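Below: one structure, written as structure tokens.
Each reported figure results from applying straightforward, stated rules to the coordinates on display, with no laboratory input. Being a predicted model, the structure only gives us computed values, none of them experimental. Cβ sites come from the backbone with ideal geometry, for glycine too, and all protein chains shown count toward neighbours.
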Amino acid sequence: MRLSTLQFLTFLTITNLPTCTPSTNPTPNPTQRQLQNRSKTFSIGIVLFPGYEPLDVIGPFEIFQSLSTYYPMTISFIASTTGPIPSRPPPIILSPGQPPTTTDHIISMSLLATHTFSTAPKLDILLIPGGLGNMALVQQNDTTIESFITSRYGRLKYLLSVCSGSVVLARSGVLKRKKATTNKGHWRWITQFGEGIRWVPSARWTRDGKIWTSSGVAAGMDMTYAFLEMLYGAQGGLTNVMNGIEYAPHTDPDWDPFSVVWNVPGADPQGSVESCVKPIGW
Ligand SMILES: *[C@@H]1O[C@H](CO)[C@@H](O)[C@H](O)[C@H]1NC(C)=O
Ligand SMILES: *[C@@H]1O[C@H](CO)[C@@H](O)[C@H](O)[C@H]1NC(C)=O
């Protein structure tokens, strides 16, 4: 069987009326701590595995790289092996007892891992992307990334996941008694993992202590904006970056039309699906 996106899609009729309220994007003066953060060098790590979702990695990285022209930071791409890591997922078992799908027909790109889990440097910020590769790792009983998270968690300042990257956080145990969200199209599969997690059915992203989790794929960019706004304040570098890359992020963490689209249990089926954004600072 060939793996196709359609196997994951259900079509729903959306009948609710849009009630979009434009958000205000104030850019208040940075606090003293945010000003101090602007001159600190944050060490960022992004985990890679075969079958990461491209935008889960590149979306946040786009913002990090652009912002590094203003504030010092370092980046490490961390995987089981250094060198090219493909975005194409390995074969996946779609139903128990069935043979794995073939995935050779899926186009792919590669990113270079700079470090392995044993050579990764000290990290302040660790980001775990999602992707169908997560499903393959679960099926292979591979807990390498979970062990890496557990070994680093205490010394991390912030742990971020995008999309189904929250599966890895859930399985590592760090989400216990914490709020988290994830990809709304894969909600049922993902939320079966972990114990005592307060999964939030309608959220573009969540924050609980040092853990930030985002909804599916593109939501990672909105979470990254909110995270960096917390870290540095929006005024100056971050506002210039967002308007420079011409991306108007959703700044309301409760905005989540995809919880309506995917009929996530616990989400308001009549919730607004209208998108309501404007450039930062406007
Ligand atoms: C993973 O673990 C499950 C449950 O213990 C087992 O049934 C399965 O065969 C294992 N898969 C692999 C690839 O080792
Ligand atoms: C950076 O800024 C945030 C938000 O003001 C603050 O909580 C934090 O302590 C600062 N320092 C670091 C290392 O995150």
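Here are a few things to note about the model shown:
- Each Lys or Arg adds one and each Asp or Glu subtracts one; over the other residues with Cβ under 11 Å from the Cβ of THR224, this totals -4.
- Taking packing as the residue-averaged number of other Cβ atoms within 10 angstrom, the listed peptides 94-105, 257-268, 130-141 run from highest to lowest as 130-141, 257-268, 94-105.
- Relative contact order of the range 180-282: 29 percent, from C-alpha pairs under 8 Å at least 6 residues apart in sequence.
- The range 263-282 residues near the modelled ASP254 label - backbone nitrogen below 19 Å, point 7 Å along Cα→Cβ: 264-278
- Of PRO89, PRO249, PRO121, the residue with the greatest mean-square motion in the GNM of the chain, using alpha carbon springs below 10 Å, is PRO121.
- Distant-in-sequence amide contacts of ALA113, defined by a placed amide H-H separation under 5 Å and a gap of 5 or more residues or a different chain, comprise GLY83, ILE85.
- Within the straight-line cut-off of under 26 Å between alpha carbons, the lysines reachable from LYS157 are LYS40, LYS122, LYS176, LYS178, LYS179, LYS210, sequence neighbours fewer than 8 places apart in one chain being disregarded.
- Dimensions (Å) - the chain, Cα atoms, principal axes, largest first: 58, 52, 37
- Under the criterion of Cα pairs below 8 Å and six or more residues apart, the relative contact order for the chain equals 23 percent.
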